[in-house]
Structures are given as C-alpha cells and as structure tokens.
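Below you'll find the structure, written out as structure tokens, and then a few comments.
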Amino acid sequence: MIEVRRLHKRFGSVVAVEDVSFAASDGMVTGLLGPNGAGKTTTLRMLTTLLEPDRGSCLLDGRDVREDPMDARRRLGVLPDVHGLYPRLTAREHVRYFGELHGLAREQLLVRTRELLAELGLSELADRRAQGFSHGERAKVALARALVHDPQNVLLDEPTNGLDVMSTRAVREIIRGLRARGRCVLFSSHVMQEVGALCDRIVVIARGRVVADGTPDELRARTGRENLEEAFVQAIGSDQGLSR
Amino acid sequence: MMRQLWAVLRKETLDHLRDRRSMFSALLMPLVGPALFAGLFTVIASWNREDKPLLVHVAGAQNAPNLVAFLERNGASIREAPPDFEARVRDGDLDLAISVPDDYGKDFTGGVPAALELVFDGSRNRSRPAVLRTERLLRQYSAQLGALRLLARGVSPTLAAPLALSEVNLATPEKTAANALGILPMFLLIAAFIGGMPAAIDATAGERERGSLEPLLVNPVHRASLVAGKWLAAVAVAWMALLIAVAAFAVALSRVPLQDLGVQLRFGPPEAARLLLVALPLALVAGALQIALALFARTFKEAQTYLSAVALLATLPAAFLSLAPLKEAAWMMWVPLLSQALLLGDVMRGEYPPLHWLLSSAGGSLAASAVFLFAAARLLGNERIVFGRG
C-alpha cells in the first residue's frame, strides 16, 4: 500500500513536483503516466527516501517513510530508471549482493536467486558478466535484484523502456505475477500502450501536478473520449512528451 | 550491520580483483621505486669500488722514479700521460693525471718543497674516489719522506705532529646508509596512496557515474556499513601494494653491493616487518581520505584529479625530511603522514622507534580515518551528492 500526500519538491528555482497526491493499493497495478519531466522520477525517489520532500509525506503500508527509512526500504523493491549494473559482476552475483544487503539467509538466497533468474529467462546468462549484456538483459537483471527480497511494494521507473518484445513480455508477466500475489505495484511510464495494457488504475501527472486519477474506463468517461490516448492528451492539455 | 559490511567488502574486492588493468597498475607501481633504487645504487657502487685498479696517468714520470715506484707499490697502475692530458681530463676521458715538472728532482734533493700537480675535474662525481685515493697516497708519501728526513737529523718525527687528530664518526654504518636510503620512505608513502586509488574511485565516483549508486542506496543498508566496506576494500589493495613494495625493497637491497659504498645495512625480515608495521596504518588514512574526496568530486575525472594531487602531496613530508631532517618530538607521532615519514626513516637508520611512538602513529591514523569516513557517510546521505550536482 502506497500513499503520497501533497508532495512538493523543488531543486533550486525549478519546481519538480508541486502538490502530488495519490494512492496505490495492494493487489493492483497503478500507473504513473506523464510526459518526460513531469515529476514521475522525482516522486518515486521521494518514496525511496533518497530525496527529501520539501512538503508533504509518503506512506508505505500506513507508515511515513521518513519515520524509519530503513524499514521503508525493506518494504520496497525499486527498479530505477538507470539500471546501473556492475560490468564485472555476473547476473547471479548482482542478485546475491542485494539479497545479502537485505539480510537474506544463505540457503534462502540461493533458491530465490535461481527462481528469479529462471522466471526472467536469465538462467543461461546467470554466470556471465554483465559487461556484454544487451539493454533488455540488463533491465531484467536489475529487476531480479530489485525483487530479491520479495517486497510488498514495488516501484518500477519506466520498466519496459527500450526493451524488445520478448523482454517486455517477460517484465509484464512478472508484474502480473506480483499483482496476483497481492503486491502493490506502482510503475511510471510515458508509454500509453504500456499503461493501458497493464494498469488497474492510472495517475496522470503533468508539470508536477496530478491532472487525472482513476481506472482506464473512468478516465475515458471523464474526458468524454473513447480512445485512451485522446483521453490522456485531453487530461495533460497537450500531446508533448507522450509516446504511443 | 557487520553482515552488510562484509557483503559490501566482498563484492567490492571481487569487483576490483576482476579489474585486471587497474589491479595490474596498482600492484606494479610499487616495483618502480625498488627497481630505480637498485639501478642507481649499483652504478654508484661501481664507481666507489675499492678494488678497482687505480689508474694514474703521469706526465714526466722519468723526473720522479721513486714516487712512481711508491704509487705502484700501493696498487696504482701508472701510465704515461698523453700530451693533451688536461683536455682529456676536462672531457672526462681520464679521471686524473699527475704532472711532474722537470726541476722536481733538483728541488727534491735541495730540500725545497718539490712542486707536483694533481690534475682533475672537481665537478665529476665519477672520478672523485680515484682522486681521493691518489691524493691520500701522495700525502702519505710526503709524510713518510718528511719523517725520514727528520730522523736523519736526529729529530723525532712526532715533534712535527703537534696534533694527533683522529676522526670519530658517531654515525652507525646504518645511519650513513640511511642518508642514501632516505628516499625509500617516500616510495612506501606513494605505494600506500597509489595502491588503493583506483578501487576508491571506482567504488564512489564510479558507482555514481555508472548509475549503480541509486539502486544500492535503496537497499536497507546503513551508510556506515557501505562506506566502511568500500574503504576496507580499497585499503586491502593498498596493503597488497605495500607488501609488494617492501618485499621488492628487501630483494633490491640484498642484491645491491652496498658494502662497496662503505655501507653496512641490516635489512632482513625484522626490518621489513617494522616498515610494514609503520606503513600499514597509513593506508587506512589514505583509503578513508580517498573515499571521502572521490565521493565529493562531481565526476570520475574530477575524482582522479583530486586523488592524484593528494598522492603527490603525500610525498612532501618525506621529501622535506630527506632534505632537512627534523628533530623528532612526541606530538609529531600523532600526525598521520609526518609520523610515518619520520618512523620509516628511523627504521631505515637501524633505530628502534619506541613502542608508544608506533602506537601514537597508528592511533593518529585511525582517528583521522574515522573523521574522513564519518564525512563520507554524511555525504552519502546528501541528495545532491547521490544524484550529482549540475
């Protein structure tokens, strides 16, 4: 369960997030949709405790993340927009490293790593160094290590950005699996197709504010547009920065 | 917390060990000093070697047959000097030459001091030992004849020597050697700083530039464990570099013919161990400072610039001490870098620094490391550091 209340954040004179509020429930996939520079990544970073909001609060399972940042990070699995792998470590070592940082027991970690890598179709690459991985393979390794501790809340920043069809499908499968197990999934995207295909609920952000919030059907009804794409354009006020 | 520290340390160490190129340079670098050293000293020693035949070119040898015979009896090989001997000495072809004027014999028998020229070029280090030996032989010959003349007149030669001067050089042989070996600590200080440098940069500025810092910090891991793990990984490489440097020096010193330099130096395992005992704590400060600075740097390149400057600055105390020795005081032993430069010098001079000095030196280094590590952990909590500054 993720709740964001009246979040504000500015960097110098640039206002990145201006009054953002929304909630994402367990067992649902919530999409954070918005053009580039709308404040999606900044919002997610405040949820991970790495950025301090100027005002407002982020709640995970009902607790403010700033009360106990360590506990908040334990409840979170995060796939940042830059995947940041270590070129000289293998896929398996990446997953193991994060599992160790989460304090997983050895045996448990071994099993969990094997399962995750298999689920993402990485078994064959498991013991190869990340150096030679394709973009899709890197994204999947980053996702595997983000999920190693089986977190209740999962933040995915543009998870399928730049992935080929097969990798996109694998990632979507993972997301659906998380939903089926009652996890709370929040993912950001500027790709409408992505959001339309996966999300139970959509939060549209533009220029640091929430401009629409609801199920895909509600959004269509509210904007009076049949087509989801046109509904977005209507909500945002322009089609700048959106991809189909 | 300890488990996390251990996980970070293990990952970083594995990562660095696989970085062949920077490991190679970090561990090869320490060999430069000893190699330079061995080369330099072998050359100097070959100039000074006492058993090298002393070659003396004499112009007008026929004027002083007795003198020539004396020189030959004392191990000199006498050659007829070429006509252009002055030019040849100036060019360095000849170490020296003796010129005997034609009226040498007349003056000699007449009891007038007989003129004799020793021709050499004082700016040439290479010829200095030969010149000194020749000069010593000539004085000896002169003194011997003078004594004989006094005896022949019934005067005791001791009357002509009102002073009995003998030199008592208080420097132990090791001390003399240390003057020459004074540059050794400098190489160890460099090794302590250069060794961990690539590791420290890669684990901080590199981690940010690669985009792996954000995912790492999202884990429930204490900033202190992260910093400490990265620090120890860098220190481990620096320690390896120091071990290699000291071992290489031990090998180099056992090969170089130091006795030809008139130097008796004991450098065995105990001395090597003492060098390490002094130098290892320095690597702790070096690593901590490098981690903090590289984290503060905006980019990988900026970090490299900072840390190279630091490594260069780190040699200053040792360089200064080798030029202008300082009288050691207890407070100096608390100052990282200065204390190590002093103590390494002591060990090279064959002295045993008192135990409490060693402890203060290590303690001061640990305290400084703690300060830098604390600063680094604080930096990791700063969002402008984590996500970079524009």
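Each reported figure results from applying straightforward, stated rules to the coordinates on display, with no laboratory input. All values reported here derive from a predicted model rather than from experimental measurement. We place every Cβ from the backbone using ideal geometry, glycine too, and count neighbours over all the protein chains shown.
Using θ = phi - 60° and the Karplus form 6.51 cos²θ - 1.76 cosθ + 1.60, what ³J(HN,Hα) does each residue of segment A:115-132 get, whole Hz, x for Gly and Pro?
So the J values, rounded to whole Hz, are 4, 4, 4, 5, 4, 8, x, 9, 3, 5, 8, 3, 10, 9, 6, 5, 2, x.
Given springs between every Cα pair under 10 Å in a Gaussian network model of chain B, which of B:131, B:256, B:347 has the largest fluctuation?
The residue that fluctuates most here is B:131.
Loop only by DSSP, 16 or fewer other Cβ within 10 Å of the Cβ. Give me the GluC sites (Glu not before Pro) in segment A:1-104 that pass, ordered by residue number.
A:67
Quick check of the Kirkwood formula: for segment B:49-160, what is the inverse mean of 1/r over all pairs of different Cα atoms, in Å? Spell out each step's value before the answer.
Numbers: mean 1/r = 0.0666 Å⁻¹.
Kirkwood radius, segment B:49-160: 15.0 Å.
For residue B:18 and residue B:323, what is the calculated FRET efficiency with R₀ set at 51 Å and r taken between the beta-carbons, to the nearest 0.05?
Calculated value: 0.75.
Can you compute the FRET efficiency between residue A:150 and residue B:313 using 1/(1 + (r/R0)^6), with r the Cβ-Cβ distance and R0 = 60 Å? Round to the nearest 0.05.
Values: r = 49 Å, r/R0 = 0.82.
For R0 = 60 Å, the calculated efficiency reads 0.75.
What percent antiparallel are the DSSP beta bridges of chain B, to the nearest 5?
On the way: 4 of 12 bridges.
For chain B, the DSSP antiparallel bridge percentage is about 35.
Let me know the Kirkwood hydrodynamic radius for the protein assembly as shown, please, with Cα pairs as the basis and the value in Å to one decimal.
Roughly 30.5 Å, rounded to one decimal.
Order of B:356, A:8, B:57 from fewest to most other C-beta atoms within 10 Å?
Least crowded to most crowded, the residues run B:356, A:8, B:57.
What is the set of long-range amide H partners of residue A:209 at a cut-off below 5 Å, with H atoms built 1.01 Å from backbone N?
Those qualifying (amide H under 5 Å, at least 5 residues apart or on another chain) are A:18.
In nm, give the distance between the simple-model label positions of residue B:66 and residue B:36, each being 7 Å from the Cα along the Cα-to-Cβ direction.
Calculated label separation equals 5.4 nm.
Students often forget the sequence filter, so: which aspartates and glutamates lie under 16 Å Cα-Cα from residue B:301 once same-chain residues fewer than 8 apart are removed?
Residue B:301 reaches B:202, B:207, B:209.
If you build a Gaussian network model of chain B, linking Cα atoms that sit under 10 Å apart, which residue out of B:140, B:290, B:340 swings the most?
B:140
By count of other Cβ within 10 Å, fewest leading, how are A:127, A:61 ordered?
Ascending Cβ contact count within 10 Å gives the list A:127, A:61.
For labels at residue B:359 and residue A:225 in the simple 7 Å Cα→Cβ model, what's the distance in nm?
Placing both labels 7 Å along Cα→Cβ, they lie 7.7 nm apart.
Counting other C-beta atoms within 10 Å, and keeping those with at most 10, which DSSP coil trypsin sites (Lys or Arg not before Pro) do you find in segment B:334-390?
Listed in order of number, the matching sites are B:389.
Is it possible to state the helix-based mean residue ellipticity at 222 nm for chain B, with each DSSP H run of 4+ residues giving -39500 (n - 2.57), the sum divided by total residues, to the nearest 500 deg cm²/dmol? What is it?
-21000 deg cm²/dmol
Could you let me know the centre-to-centre spacing of segment B:5-76 and segment B:301-362, using Cα atoms, in angstrom?
That distance is 25 Å.
If you plug each phi of segment A:27-44 into the Karplus form 6.51 cos²θ - 1.76 cosθ + 1.60 with θ = phi - 60°, what whole-Hz ³J(HN,Hα) values come out, in order, with x for Gly and Pro?
x, 9, 10, 10, x, 9, 9, x, x, 4, x, 7, x, 5, 5, 4, 4, 5
For chain B, what are the DSSP H helices with axial Cα length of 30 Å or more and mean Kyte-Doolittle hydropathy of at least -0.5?
Helices meeting the criterion: B:20-48, B:128-152, B:223-255, B:269-296, B:355-380.
Which far-off residues, 5 or more places away or on another chain, put their amide H under 5 Å from the one on residue A:201, with H placed in the peptide plane?
Sorted by chain and number, the residues that satisfy this are A:29, A:31.
How long is segment A:1-144 along each principal axis, judged by its Cα atoms, biggest number first, in Å?
Computed over segment A:1-144, the largest-to-smallest principal extents equal 46, 30, 27 Å.
Determine the relative contact order of segment B:49-160: mean sequence separation of Cα pairs under 8 Å and six or more apart, normalised by residue count, in whole percent.
23 percent
Which cross-chain or sequence-distant (5 or more) residues have an amide H under 5 Å from the amide H of residue B:79, H modelled 1.01 Å from N in plane?
Those qualifying (amide H under 5 Å, at least 5 residues apart or on another chain) are B:56, B:57, B:58.
Give me a comma-separated list of calculated 3J(HN,Hα) values for segment A:67-81, in order, Karplus coefficients 6.51, -1.76, 1.60 applied at θ = phi - 60°, integers in Hz, x for any Gly or Pro.
5, 9, x, 4, 5, 4, 5, 5, 7, 10, x, 10, 10, x, 5
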